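The values are calculated or read from the model by the stated rules, or taken from the named source; none is laboratory data. On a predicted model such as this, the values are computed, not experimentally measured, just so you know. Here the Cβ is made from the backbone with ideal geometry for all residues, glycine too, and neighbour counts use every protein chain on show. Just the protein is used for accessible areas: all its heavy atoms, side chains included, with ligands, DNA and RNA removed. Shrake-Rupley method; radii C 1.70, N 1.55, O 1.52, S 1.80 Å.
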Amino acid sequence: MDLPAVVINFKAYAQAMGARAVDIARAAERVHDETGVSVVVAPNAVDLVRVREAVDIPVFAQHVDAYQPGAHTGSVLLEMLAEWGIDGTIINHSEHQVNFSWVEYVVHRAHELHLEVIACAADDAIARAVSDLQPNAVAVEPPELIGTDISVSKAKPEIIRRSVELVHAPVLVGAGVKTTEDVKKAVELGAQGVLVASGVTKAKDPYKAIMELAEGIIRALP
Ligand code: G3P
């Protein structure tokens, strides 16, 4: 993935599953084509391959299991992502937390498979620890703002400043990010982009919502 980027986590929103996941991914690709801003989509595991086939922008999983291929019923593995040309994965999202050794395995094995990893962190200590593993980005998201209309950029800009200093990897920030101004401020504070969900998945017009986020990156750059 190129940075700075707008990374869109589709989570398990009804508005972003099945054919609607493909539609949102196409809207994201259109924004990328029209602006040159890097836009990454992370649909649910079932929709990954369909979305991969529909667009050329980076496609990430939302989570993977830290197993080698074998008898692990119901698991989603990095090797499965690699088979179908998925670009990478998010790991340790607040809504799907794992222990440190799980993140360690995922970053290590992903790099062997030439996949990318966005490691999420709910606080400074986790951000610092996962950044030492050298993921492609660390996404810092204060859990209490996730899914709200109060953005991390407005409510907790100090978290962005601190993370950029502490973390030894590119920093993405997320939680409540919905406007051009939210993204612009995050990038001006040193973030390499944003991780967003509800601002796009719940928007009446996802294309317009993604375009507004991309404009934040354009306006923040010299
Ligand atoms: O992964 C993105 C995320 O947790 C932020 O969600 O809905 O606040 O943009 P949202």
Taking all protein chains in place and a 1.4 Å probe, what share, in percent, of the accessible surface of the chain do carbon and sulfur account for? 51 percent
Could you give each residue of region 146-157 its phi-based ³J(HN,Hα) in whole Hz, using Karplus coefficients 6.51, -1.76, 1.60 with θ = phi - 60°, and x for Gly or Pro? 5, x, 9, 9, 10, 7, 4, 4, 7, 7, 9, x
Springs between alpha-carbon pairs under 10 angstrom, Gaussian network model over the chain: which of Glu144, Glu188, Glu79 fluctuates most? Glu144
³J(HN,Hα), Karplus 6.51/-1.76/1.60, whole Hz, each residue of region 122-133, x for Gly, Pro: 8, 8, 4, 4, 5, 4, 5, 5, 6, 5, 5, 7
Where does region 144-222 land on the Kirkwood hydrodynamic radius, alpha-carbon pairs, in angstrom? 12.3 Å
Can you compute 3J(HN,Hα) from phi for each residue in region 205-214, using the Karplus curve 6.51 cos²θ - 1.76 cosθ + 1.60 with θ = phi - 60°, rounded to whole Hz and x for Gly and Pro? 10, x, 4, 4, 5, 5, 4, 4, 5, 4
Rule-of-thumb Rg ratio for region 102-172 [Cα; 2.2 N^0.38 Å; N residues]: 1.14
Per GNM of the chain with C-alpha springs under 10 angstrom, the most fluctuating residue out of Ala155, Ala21, Ala122 is Ala155
Can you list the residues, at least 5 places off or on another chain, whose amide H is less than 5 Å from the amide H of Gly193, using H built in the peptide plane? Ala5, Val173
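Given a 1.4 angstrom probe, what's the average accessible area per residue across region 5-220, in square angstrom?
43 Å²
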Interchain or long-range residues, amide H under 5 Å from Thr89's placed H: Ala61, Glu116, Val117, Ile118
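Beyond 22 Å, how much of the Cα-Cα pair distribution for region 1-127 remains, as a whole percent?
Values: 2683 of 8001 pairs.
Of all Cα-Cα distances in region 1-127, 34 percent exceed 22 Å.
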How do 124-133, 189-198 rank on mean C-beta neighbours within 10 Å, highest first? 189-198, 124-133
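In this model, which of Lys11/Lys184; Lys156/Lys178; Lys156/Lys204; Lys178/Lys202 are farther than 22 Å apart at the alpha-carbon? If you can, show how the numbers build up before the last one.
Working: Lys11/Lys184 24 Å; Lys156/Lys178 15 Å; Lys156/Lys204 27 Å; Lys178/Lys202 11 Å.
Pairs exceeding the cut-off: Lys11/Lys184; Lys156/Lys204.
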Count charges around Pro206 for me, please; just the other residues with Cβ under 14 Å from its Cβ, Lys/Arg as +1, Asp/Glu as -1. +4
The chain - mean residue ellipticity at 222 nm from DSSP helices (-39,500 (n - 2.57) per run, n ≥ 4, rounded to 500): -12000 deg cm²/dmol
May I ask for log10 I(q)/I(0) of region 5-220 at q = 0.16, 0.18, 0.19 Å⁻¹, from a Debye sum over the Cα atoms as equal point scatterers with solvent left out? -1.02, -1.30, -1.44
